[in-house]
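Written below as structure tokens is the structure these notes are about.
The values are calculated or read from the model by the stated rules, or taken from the named source; none is laboratory data. Being a predicted model, the structure only gives us computed values, none of them experimental. Don't worry about glycine lacking a Cβ; one is built from the backbone with ideal geometry, like all the others, and counts go over all protein chains shown. In case anyone asks, the SASA skips ligands and DNA or RNA and just uses the protein heavy atoms, side chains included. Shrake-Rupley method; radii C 1.70, N 1.55, O 1.52, S 1.80 Å.
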Amino acid sequence: MEQVTVLGAGLAGCEAAWALARRGIPVTLYEMKPQRFSPAHKSGGLAELICSNSLKAARVNSAAGLLKEEMRRLGSLLLECAAQCAVPAGGALAVDREEFSRLATQAIEGEPLITLRREEAADLPREGIVIVATGPLTSEALSEKILALCGGGLSFFDAAAPIVTRESLDWDHCFTASRYGREEEGGNGDYVNCPMNKEEYDRFVEELVAAERAPVHSFDARAPKVYEGCMPIEVLASRGHDAIRFGPMKPVGLKDPRTGHRPWAVVQLRKENREGTLFNLVGFQTNLKFGEQKRVFGLIPGLAKAEFVRYGVMHRNTFLNSPRLLEGDFSFRGRPGLYFAGQITGVEGYMESAGSGLLAGINAARRLAGKEPLLLPETTMLGALSRHVSRYEGKDFQPMGANFGVLPPLEEKIRDKQRRYEALAQRALEDLAACCKASGEPLTHSAQGAEGKESV
């Protein structure tokens with residue numbers, strides 16, 4: 001059998017290797033940690049989560065939830081891991097990130113058909129099937145080989161939010177609640193809310209905008225190009241005094257129990273681990289210097305004495321000009337048997353990256369079996385993201401995460417947004433089933449929805 005190699009054991013690489021092994025194909029999986037770490041990675045485990053512990057909405061009638069449901073039905077490994085280490089997060093699927101990595105590592109190491117090699121891959125293998133899933137922080141040596149093959153690439157800067165301890169919060173100035181009291185979605189006060197009045201907000205914004213920022217590492221000589229989806233809080237605040245009050249600090253759907261009224265602004269903290277001992281500041285990706293983070297974020301009511309177990313960091317992400325280079329099955333147009341997967345392709349988000357790895361692994365296996373590639377309909381979330389990566393026609397290709405805007409409109413116009421989303425999800429799962437049946441690709445039908453009921 002032809003040799004199969006997967007480079008990178010992050011989310012995309014783990015899904016790709018698992019998809020191949022589950023189809024009876026031996027695969028060699030390369031991971032440079034712990035021999036070498038990227039500027040953002042800290043753990044030696046596989047599938048390490050960096051920016052956040054949230055895998056976004058769990059409801060099937062949401063874009064992120066639909067994406068995960070499609071992946072479940074296609075046999076995702078990481079969603080099995082996530083289900084075992086989920087932490088309360090309202091209507092979202094959030095995980096204990098250390099346990100998540102441990103479970104993924106355990107599964108990969110325990111699979112007889114996967115050979116895990118803990119060493120850096122400095123070049124692209126010249127023989128066999130190769131899936132490149134080295135992520136947005138690909139090592140310099142391999143980046144040079146990829147860019148030489150592709151004729152150039154693009155880059156943007158990504159930022160991560162700080163994490164604080166629960167015991168260091170001042171509970172006289174914060175309260176637990178989910179927006180709109182969404183108990184029906186599992187929201188039993190899973191978020192800690194730090195409300196602000198107008199004076200507190202005004203002072204906070206002034207100090208935030210004026211705070212000293214950390215220098216960007218010299219990964220790239222050009223000025224940083226910040227991706228909108230991970231905009232540092234201080235950059236967003238500099239766009240206008242009320243910009244963050246209509247963004248991550250929006251107070252809608254919340255009532256301060258001390259006043260009985262909606263606060264002027266609010267900072268939300270989300271559980272970082274199952275035990276609920278750690279919380280991350282939602283939407284507070286930042287590139288402020290560590291001392292400035294402690295000073296400025298200490299102005300937030302409830303965080304005056306907060307203990308930071310991780311400060312926010314900023315690092316470069318790199319992605320290909322994929323519409324010029326990749327097909328819809330994530331194969332490289334200039335070299336048969338070469339695939340790319342993960343954020344390097346221009347999908348944005350944890351599950352989006354994992355989903356691209358899943359599809360790359362499935363299609364590599366189909367290639368070895370002499371089958372046509374599995375090209376999902378663009379009415380599915382995975383199919384729409386694959387289309388964005390391979391057939392984007394605009395002038396400025398940018399990363400894309402799951403959203404209903406990438407799906408074709410319904411034939412019937414439905415004004416009610418939730419009913420429209422439900423119809424889009426229903427159509428997607430029906431079309432996924434029909435496509436897989438026609439192509440002979442097995443589906444898992446025991447997937448459960450966000451509330452433990454059979455999915456749409």
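Data for the structure
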| quantity | calculated |
| --- | --- |
| Subset of the range 165-183 that is assigned to a helix (DSSP H, G or I) and under 28 Å from Gly349 (Cβ atoms) - its residue that is modelled with the highest pLDDT | Arg166 |
| Test: residue in the range 261-270 that is in contact with a helix residue (DSSP H, G or I) (Cβ under 9 Å, 6 or more places away or on another chain), closer than 30 Å to Ile131 by Cβ and not aromatic (Phe, Trp, Tyr) | no |
| Tally, over the range 372-427, of residues that are open to solvent by 70 Å² or more (accessible area, probe 1.4 Å) and among the polar types (S, T, N, Q) | 2 |
| Filter result for Leu424 (more than 18 Å from the chain's Cα centre (by Cα) and in a helix (DSSP H, G or I)) | yes |
| Residue tally, condition part of a helix (DSSP H, G or I), of a type in the set (D, E, K, R) and closer than 21 Å to Phe397 by Cβ, over the range 343-385 | 1 |
| The range 312-329, residues that are crowded, with 20+ Cβ neighbours inside 10 Å, in a loop (DSSP other than H, G, I, E, B) and not small (Gly, Ala, Ser) | Val313, Leu320, Asp329 |
| Extreme residue, nearest to Glu48 (Cα to Cα), among residues of the range 242-286 that are among the polar types (S, T, N, Q) and touching an Asp or Glu at 6+ places or on another chain (Cβ under 9 Å) | Asn273 |
| Pick from the range 330-359, criterion at positive phi and of a type outside the set (A, V, I, L, M, F, W, C), ranking: surrounded by the fewest Cβ atoms within 10 Å (Cβ to Cβ) | Gly337 |
| All strands (runs of 3 or more DSSP E) inside the range 51-164 with 3 or more residues being modelled with pLDDT of 90 or more, under 30 Å from Arg419 (Cβ atoms) and touching a strand residue (DSSP E or B) at 6+ places or on another chain (Cβ under 7 Å) | 54-57, 92-95 |
| Residues satisfying the stated conditions in the range 185-234, i.e. among the hydrophobic types (A, V, I, L, M, F, W, C), at pLDDT 65 or above and either touching a Ser or Thr at 6+ places or on another chain (Cβ under 6 Å) or in a strand (DSSP E or B) (or both) | Val192, Cys194, Met196, Val209, Ile233 |
| Check on Leu29, within 16 Å of the chain's Cα centre (by Cα) and buried (at least 22 other Cβ atoms within 10 Å of the Cβ) | no |
| Any hit, the range 288-304, residues being over 13 Å from Phe204 (Cβ atoms), open to solvent by 20 Å² or more (accessible area, probe 1.4 Å), in a loop (DSSP other than H, G, I, E, B) and not basic (Lys, Arg) | no |
